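Contents: one structure, followed by commentary.
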Amino acid sequence: MAKKNQEGEKETYTISELAKEFEISTRTIRYYEELGLLSPKRTSGNQRIFTKKDRARLKLILRGKRLGFSLLEIKEMIEMYDVAGETEQIKLTLKYGEKKLKEIEERIKELEMLREDMLAIKEILLKRLKELEMAKKQKS
């Protein structure tokens, strides 16, 4: 099914091959196609045939998701390459990356404050537990 070039490298992939390689469902790949993130060719039997470019796009989509980008942001970044070239794609990616970094930094601050609150509560509870245990020993 999958076509190979003269060096034995794959040139095309089935949806099942990509799903297995990237450990995602075929439904996820079809969803990305519905959103216009991927556009595989079709055989006469209507089977999807993905190219190396489709595979690279899928890899970018999954990397973007792992980094916390929305599918809309990922689509814009991918399309920017096709429309305006690599320079503009890099600029857009940097813009979204800066936004994501700010969100991460804010979340880290929130988590640090939560950690401090939890440590303070822990100290209060440990102190109260010690008081209760000492009171119980004194009654005995």
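Only the coordinates and a few stated rules stand behind these numbers; no lab work does. Since the structure is predicted, the reported quantities are computational estimates derived from the model, not experimental observations. Cβ: placed from backbone, ideal geometry, glycine included. Neighbour counts: every protein chain shown.
Here are the numbers for this structure:
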{"item": "Test set (1) surrounded by 14 or more Cβ atoms within 10 Å (Cβ to Cβ); (2) acidic (D, E); (3) free of Cβ contacts under 8 Å to residues at least 12 places away in the same chain - D82 fails condition number", "result": "(1)"}
{"item": "Any hit, the range 93-102, residues being surrounded by 16 or more Cβ atoms within 10 Å (Cβ to Cβ) and closer than 30 Å to T12 by Cβ", "result": "yes"}
